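Below is one structure, written out as structure tokens; comments come after it.
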Amino acid sequence: MSAAKNNGTRGNGRWEVVIGLEVHTQLATQSKIFSGASTAYGAAPNTQACLVDLGYPGVLPVLNEQVVRMATKFGLAVNATVARRSIFARKNYFYPDLPKGYQISQYELPIVEHGELLIEDQSGNDKRIGITRAHLEEDAGKSIHEGLDRSSGIDLNRAGTPLLEIVSEPDLRSAKEAVAYMRKIHSIVRYLDISDGNMQEGSFRCDANVSVRLRGQEELGTRTELKNLNSFRFVEKAINFEIERQIEVLEDGGEVTQETRLYDSDKDETRSMRSKEEANDYRYFPDPDLLPIEIDEAFIDAVRNTLPELPDAKRQRFVSDYGVKAEDAGILTASRSLADYFEASSKFSDVKPQLVANWIIGDLSAALNKAGLDIRESRIAPEQLGGLLNRVVDNTISGKIAKEVFDAMWMGEGSADDIIESRGLKQITDTSAIEVVIDKVIEANPRQVADYKSGKDKLIGYFVGQVMKETMGKANPAVVNEILKQKLSE
Amino acid sequence: MELHAQTLTDLQAGLERGDFSSVEITQALLDRIAKFDTDLNAFITVTSERALAAAKRADEVRSSGDNGVLCGLPIVHKDIFCTRDVTTTCGSRMLENFVSPYDATVVERFADAGAVVLGKTNMDEFAMGSSNETSFFGPVKNPWNLECSPGGSSGGSATAVAARLAPAATGTDTGGSIRQPAALTNTIGIKPTYGRVSRYGMIAFASSLDQAGVITRSAADAALLLGVMAGFDSRDSTSIDHPVPDYVAGLNGSLDGLRVGIVRQHFDEGLDAACADAVRESLGVLEAQGATLSEVDLPNLDYCVPTYYVVAPAECSSNLSRFDGVRFGHRAADPKDLLDLYCRSRGEGFGAEVKRRIMTGTYVLSAGYYDAYYLKAQKVRQLICQDFKRAFADVDVIAGPTTPTPAFKLGDKTDDPITMYLNDIYTIGANLAGLPAMSVPCGIIDGLPIGLHMVGPHWAEETLLCTAHQFARQTDWHMRSPEAYR
């Protein structure tokens, strides 16, 4: 498939990309959508599947009310219509990991319709992406082929796990936009606390419908559906591969086949899974075992009252109330726990919130990434970080020493004040003490002094460095600078 | 009176008086089953040991005074109700060796009330049939004439009760499967309001139509059993939380002023003339007790059968998908791949009628046909519901024949599914509209019994049972039994 990659010369600019995403979010309920079995991840195969999940003869589904609440929450968060009456339908097909031979889903009359959210487009402007619908359904089990000799295993622990499938309008115009949209949905469901969004465990995954058309053309091109993209990176790579492939086909005078394609992350390519002709006729019809979901105003109001501040509102507030740069506010509010951490750290410090933001986005995020930890598992508490920054701003320590203190805090040595005290890191601001060191440095470097005086201004850095070295980094750099300049110009 | 000839109510009184023990009743009936069932084939499984043990326990409990309402009373279950430890076959090769890991709610409620289960009765495969000939375990014979069908799908239950092998049996009714066999065997059959009895553990045929009920030899027995079965079950989302009245206490109401509706089309062509006369005579019996007769119109009556044969197969095609040879039930030997496993497991496990309905149902739900068939049928179903609603503004009960003819010969209709389907022409409407309905013995034509069919508005079981009880006090049809089985 290397041919698809030499695209640069072939006039990509003529083509417009059209993408719609179907995001499958596992709802964070204790028990399954239609049974009392646990939804916990990672149990031994088939230990968390009760008779209802196994599709035994005579058993019947009973709706878990939690999922209705969660779907309603999502609907309100994306400014959608929450249906006062929605119905479950059966999607019929045979597969060994689908115990009943049908999946209970919603078809006509889904619980959420006509929503929207904002993403940032390539030029940094807000772009509205429509959400066609979001519907409730049960997940299937898993087929296991590896490690079994000439046979396949079925694990039905996942069967009956509640999913909210969120379907976007075909409003996305690039793989980057698709990722931005997916990240936004990810952020919203986690803010709402309706999903853990764990992509490794498959709680958050998506299918992408991709097509291309000539710019200016009204009619949509033939689309392909890319299945089971379970990371942001794969979404981007798979879509980009697919765009190039489709353009290649069309430029060579061919036609795109409507089909389902699977992304192979090892080979970084998509390949055909089944064509439209092979596609199942799912024979959807209303599930006679379940009553329609009926929701009244009081229920919706009660759910509305539980809605937290959402990422967009929080981002705006961080800019207006804290004066944080818009881009940083976006990063901080991508996850609710990161935003909470920022607010808590700011509360514990008297420094400019932007400085707090810099430390969180910089050193703290780097440390977390390195340790593979989530912000909620940070080894440095917000009050510790706030305390550290207070000591920077009141000149007790320099920014450079602050990094040493930060590392010590990460290793569990206590508060900034304790570490500064025990390690003797207090910054030297006493000018007479600094002057003594400066005089010593000037005396030791006559050649550099001469060069400086003859115009090599940049050497000031060299002198500062020497002074800092002598003071083990504890001299206040601003004071050092000032005295140095003064003395060198004498 | 001999034990086997007594009704549940009689037996209950006898047990209370200490005239006999539950073990004696149970043994007597097991002996009869052993004697007659080789010919009748009413049972798929007879649970002799378990029954005797349960009867013994019941006798012990009774002497301690702490006994349930059915303590020590024998019943049989249609083999569609899941029972722990005993096979539940649903009349199919597919489930020939299937043992359910749980008890159906109905089974549980009878067990809790102290009933003794003698066995599980034969039925049309997955309850699809009106003659009991689609059973993998062979047809059931009608005790009134062994060459005749007892009707279906609850034919085993009806025959067991009619032949005095058991005083009462559970059944299920999707289009007439309790009432039609009751009519053809001179027993009483009641199908309650949809949602009255839990469907949990009752193997689904057509979920929106299926309802459990009973077949007995007296209205009082039906009232007694319905009181035990009925009531809300949180495991069935379509079960309705509606109070359960004391059905037995309601039996002694008066028919004075009861408004009985008659549907003119019921007496049009298609109804056997002798049947028509017997039904008219029965209506006269009601009138003589103070009931008033008037004509009601059900304009969409003709569409009941076609509507049913779209809706029921559609639901069945989906409900039966779980029988795929993967987790339970029949599995083809040495499948060469997944498709082969599916095709042969289902091909071997299901009989012809079940396959016919799965195919019909798959067809009517297919893309391109859904609107013309399934959706249209759902709309007609709404019209049929409205027809009944309108009619019940003026009458309390709609009465007519249960079947167009008495029992037909085994093998007579097996080649012609349409004629077979038309046997349910009078009963299907109640299922489509979710209404309670009953069949009561009302005549014998050339040695074969027929039934009077009564439908009431939602939750009118009390009215139906009372009417049946009062009707039976003026007639002796329900007392008649087939000569060889007295």
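Within the range A:434-459, being under 50 Å from the mean Cα position of the chain (by Cα) and in contact (Cβ under 8 Å) with a residue 40 or more places away in the chain holds for A:ILE434, A:ILE438. Residues in the range B:190-221 that are over 18 Å from B:THR9 (Cβ atoms), under 14 Å from the mean Cα position of the chain (by Cα) and more than 10 Å from every other protein chain (Cβ to nearest Cβ): B:LYS191, B:PRO192, B:THR193, B:TYR194, B:VAL197, B:PHE205, B:GLN211, B:ALA212.
Look at B:THR187 and say whether it is more than 14 Å from chain A (Cβ to nearest Cβ) and either among the aromatic types (Phe, Trp, Tyr) or crowded, with 24+ Cβ neighbours inside 10 Å (or both).
Details: more than 14 Å from chain A (Cβ to nearest Cβ): yes; either among the aromatic types (Phe, Trp, Tyr) or crowded, with 24+ Cβ neighbours inside 10 Å (or both): yes.
Yes; evaluated as a whole, the condition is true for this residue.
Residues considered: B:MET123, B:MET94. Of these, the only one that is in contact with a Lys or Arg (Cβ under 9 Å, 6 or more places away or on another chain), aliphatic (A, V, I, L, M), more than 12 Å from chain A (Cβ to nearest Cβ) and touching a residue at least 24 places away in the same chain (Cβ under 8 Å) is B:MET123. For the range B:291-343, filtered to residues that are without any contact (Cβ under 8 Å) to a residue 40 or more places away in the chain and among the hydroxyl-bearing types (Ser, Thr, Tyr), the residue that is farthest from the other protein chains (Cβ to nearest Cβ) is B:THR292. Among residues of the range A:166-178 that are modelled with pLDDT of 95 or more, those with a Cβ under 8 angstrom from a residue that is outside any strand (DSSP E or B) and among the aromatic types (Phe, Trp, Tyr), sequence gap 6+ or separate chain, pair up as A:ILE166/A:PHE74; A:SER168/A:TYR181; A:LEU172/A:TYR181.
Residues in the range A:136-166 that are of a type in the set (Ser, Thr, Tyr) and not in a strand (DSSP E or B): A:SER151, A:SER152, A:THR161.
Please tell me if B:THR134 is in contact (Cβ under 8 Å) with a residue 24 or more places away in the chain, out of contact with any Phe, Trp or Tyr (no Cβ under 6 Å at 6 or more places or on another chain), within 14 Å of another protein chain (Cβ to nearest Cβ) and assigned to a loop (DSSP other than H, G, I, E, B).
Numbers: in contact (Cβ under 8 Å) with a residue 24 or more places away in the chain: yes; out of contact with any Phe, Trp or Tyr (no Cβ under 6 Å at 6 or more places or on another chain): yes; within 14 Å of another protein chain (Cβ to nearest Cβ): no; assigned to a loop (DSSP other than H, G, I, E, B): yes.
In short, no.
Cβ-Cβ distances below 6 Å connect the following pairs, each with a first residue in the range B:436-455 that is outside any strand (DSSP E or B), a second residue that is among the acidic types (Asp, Glu), and a separation of six or more residues or different chains: B:PRO436/B:GLU461. Going by what's in this entry, would B:THR83 be described as without any contact (Cβ under 8 Å) to a residue 60 or more places away in the chain and crowded, with 16+ Cβ neighbours inside 10 Å? The answer is yes for B:THR83. Does the range B:375-390 hold any residues that are more than 14 Å from chain A (Cβ to nearest Cβ) and either closer than 15 Å to B:THR307 by Cβ or crowded, with 16+ Cβ neighbours inside 10 Å (or both), and which are they? Within the range B:375-390, B:VAL380, B:LEU383, B:ILE384, B:CYS385, B:GLN386, B:ASP387, B:PHE388 meet the criteria.
Number of residues in the range B:187-235 that are over 24 Å from B:TYR374 (Cα atoms) and of a type outside the set (A, V, I, L, M, F, W, C) equals 18.
Of B:ALA430, B:ALA393, B:ALA367, B:ALA372, which residue is in contact with an Asp or Glu (Cβ under 9 Å, 6 or more places away or on another chain) and surrounded by fewer than 15 Cβ atoms within 10 Å (Cβ to Cβ)?
Among B:ALA430, B:ALA393, B:ALA367, B:ALA372, only B:ALA367 is in contact with an Asp or Glu (Cβ under 9 Å, 6 or more places away or on another chain) and surrounded by fewer than 15 Cβ atoms within 10 Å (Cβ to Cβ).
The values are calculated or read from the model by the stated rules, or taken from the named source; none is laboratory data. This structure is a prediction, so every number in the text was calculated from the model and none was measured. Here the Cβ is made from the backbone with ideal geometry for all residues, glycine too, and neighbour counts use every protein chain on show.
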